[in-house]
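Student: Quick one: this structure, given as structure tokens, is what I'll be asking you about.
Just so it is clear, none of the values below were taken in a lab; they were calculated from the coordinates. The shown structure was predicted, so the numbers you read here are calculated from the model rather than taken from an experiment. For neighbour counting, all protein chains shown are included, and Cβ atoms are generated from backbone atoms with ideal geometry for every residue, glycine included.
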Amino acid sequence: MKIAIIGYGKMGHLIETIAKERGNKVVCIIDADNTDDFNTPEFKSADVAIEFTTPSTAVSNILASFAAGVPVVVGTTGWTDSLPDIKDMCEKGAGTMLWASNFSIGVNLFMAFNRYVAAVMNDFPEYSPEMTEIHHIHKLDHPSGTAITLADELIGKVDRLNRWEEPQPGKTPNDHALMINHVREGEVPGTHIISWDSSVDTITLRHEAKSRVGFALGAVKAAEWLKGRKGFFSMADMLSEVTHTKGLFV
Ligand SMILES: NC(=O)C1=CN([C@@H]2O[C@H](COP(=O)(O)OP(=O)(O)OC[C@H]3O[C@@H](n4cnc5c(N)ncnc54)[C@H](OP(=O)(O)O)[C@@H]3O)[C@@H](O)[C@H]2O)C=CC1
Ligand SMILES: O=C(O)C1=N[C@H](C(=O)O)C[C@H](O)C1
């Protein structure tokens, strides 16, 4: 299939390599210096575009893809206050998009395990959860998009929690808040840790990406899956088609 790449940074380069290895054709690459190319026949000829840019540019790139009639897979994080409006546009037929805070298959399994553990822990108030995400020093946003997804899903299952917070000097954490810590260190591709602590033990769930390959491969697979579909989708929609475990994703 024909793929357009929006954002030719660390993810964009890897997506180009993996898309070609899987037999796809990259017909257009848009980076910060050629954002007018959404209007070109090359961009408009793409079956699907894949967008990994910055928190401040994702929304305009999504809208430009919709205007060009090209479905878009979006991996950029840090812009999701606008997600409900974009989702609404897709549901009204104005565009097609698949968004995920993390395209790694392993992280999406980890998200399912997180939901399961949180549902179990709802009955065990002696355990308190905490989350930590560790990423490379170039990352612009915190907490990571993945941590926000994990936190929202955990809070949704645990009656004693109603929000997430980041630690602030001098501020006592709210009793009903899940704390999310962020660490920026070297070139770490992405690590997420959820710990459930009691006075007698700690249960820890940990996902550690070894490189960005899992993210890029998942995004290309999502683009291949999105071709020919219309509406708003998530990785759960795609993955629910490949598992026999009932209720794991949707
Ligand atoms: N969902 C997931 O699985 C994953 C999500 N991410 C997220 O993806 C995003 C990108 O990550 P990464 O590739 O590592 O970041 P990079 O900084 O390496 O790449 C971003 C690229 O976008 C370009 N860019 C900036 N503005 C625009 C614009 N208006 N239109 C098109 N391109 C533009 C930048 O150009 P220039 O440098 O010239 O400004 C740069 O080449 C981040 O938000 C990150 O959190 C990352 C990995 C996995
Ligand atoms: O910026 C990154 O690099 C990553 N961003 C995503 C996030 O914010 O969750 C996904 C992955 O962890 C890498």
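Student: What is the distance, in nm, between label points placed 7 Å from the Cα along the Cα-to-Cβ direction at Asp123 and at Glu42?
Tutor: Here the modelled spin labels are 5.9 nm apart.
Student: Once fully extended, how much extra length lies between Thr17 and Arg229, figured as 0.36 nm per residue of separation less the alpha-carbon to alpha-carbon distance?
Tutor: Difference between extended and current length: 73.9 nm.
Student: Could you tell me the calculated FRET efficiency between Lys157 and Val183, based on Cβ-Cβ distance and R0 = 25 angstrom, to the nearest 0.05?
Tutor: 0.50
Student: Another question, if that's okay. When each pair of different Cα atoms in segment 105-208 is counted once in the 1/r mean, what is the Kirkwood radius in angstroms, to one decimal?
Tutor: Kirkwood hydrodynamic radius for segment 105-208: 14.1 Å.
Student: Relative contact order for segment 105-208: what percent, with Cα pairs under 8 Å and sequence separation of 6 or more?
Tutor: Reported relative contact order: 36 percent.
Student: I'd like the Karplus ³J(HN,Hα) series for segment 69-79: coefficients 6.51, -1.76, 1.60, θ = phi - 60°, whole numbers in Hz, and an x wherever there's a Gly or Pro.
Tutor: For segment 69-79, the Karplus curve yields x, 10, x, 9, 9, 10, x, 4, 10, x, 10 Hz.
Student: What is the gain in length, in nm to one decimal, between Lys171 and Asp197 on full extension, counting 0.36 nm per residue of separation less the C-alpha to C-alpha distance?
Tutor: That pair, Lys171 and Asp197, stretches by 7.3 nm at full extension.
Student: Here's something else I'd like to know. What is the distance in Å between the Cα centres of segment 20-53 and segment 180-247?
Tutor: So the separation of the two Cα centres works out to 25 Å.
Student: Per the Kirkwood treatment, what hydrodynamic radius in Å, one decimal, follows for segment 134-176 from the mean inverse distance over all distinct Cα pairs?
Tutor: This gives a value of 12.0 Å.
Student: Still on this model: In the chain, with Lys and Arg counted as +1 and Asp and Glu as -1 at Cβ, which of these residues, Ile86, Phe52, Ile29, has the Cα nearest the positive end of the dipole, that is, farthest along it?
Tutor: Ile29
Student: Which whole number in µm²/s is D for the chain by Stokes-Einstein, with the Kirkwood Rh taken over Cα pairs at 37 °C and 0.692 mPa s?
Tutor: Result for D is 172 µm²/s.
Student: Another question about this same structure. With viscosity set to 1.306 mPa s at 10 °C, what whole-number translational diffusion coefficient in µm²/s follows for segment 76-164 from Stokes-Einstein and a Kirkwood radius over Cα pairs?
Tutor: 107 µm²/s
Student: Also, I was wondering about something else. Place +1 on the Cβ of every Lys and Arg and -1 on the Cβ of every Asp and Glu in the chain, take the dipole about the Cα centre, and give the residue among Thr245, Gly228, Val200 whose Cα lies farthest towards its positive end.
Tutor: Gly228
Student: Still on this structure: May I ask which of Lys87/Lys171; Lys44/Lys221; Lys139/Lys230 have a Cα-Cα span longer than 30 Å here?
Tutor: Table pairs above 30 Å Cα-Cα are Lys87/Lys171; Lys139/Lys230.
Student: What ranking do Lys230, Lys157 get, fewest neighbouring Cβ atoms within 10 angstrom at the top?
Tutor: Going from least to most buried by this count: Lys230, Lys157.
Student: Let me check I've understood the local charge: for Arg22, count other residues with C-beta under 10 angstrom from its C-beta, Lys and Arg +1, Asp and Glu -1. What total comes out?
Tutor: Surrounding charge for Arg22 is 0.
Student: Pull up the cross-link candidates among the aspartates and glutamates for Lys20, meaning alpha carbon to alpha carbon under 13 Å and not fewer than 8 places away within one chain.
Tutor: Cα-Cα hits under 13 Å: Glu224.
Student: Which order do the peptides 70-81, 131-142 take when ranked by the mean count of other beta-carbon atoms within 10 Å per residue, highest first?
Tutor: Ranking, from highest mean packing down: 70-81, 131-142.
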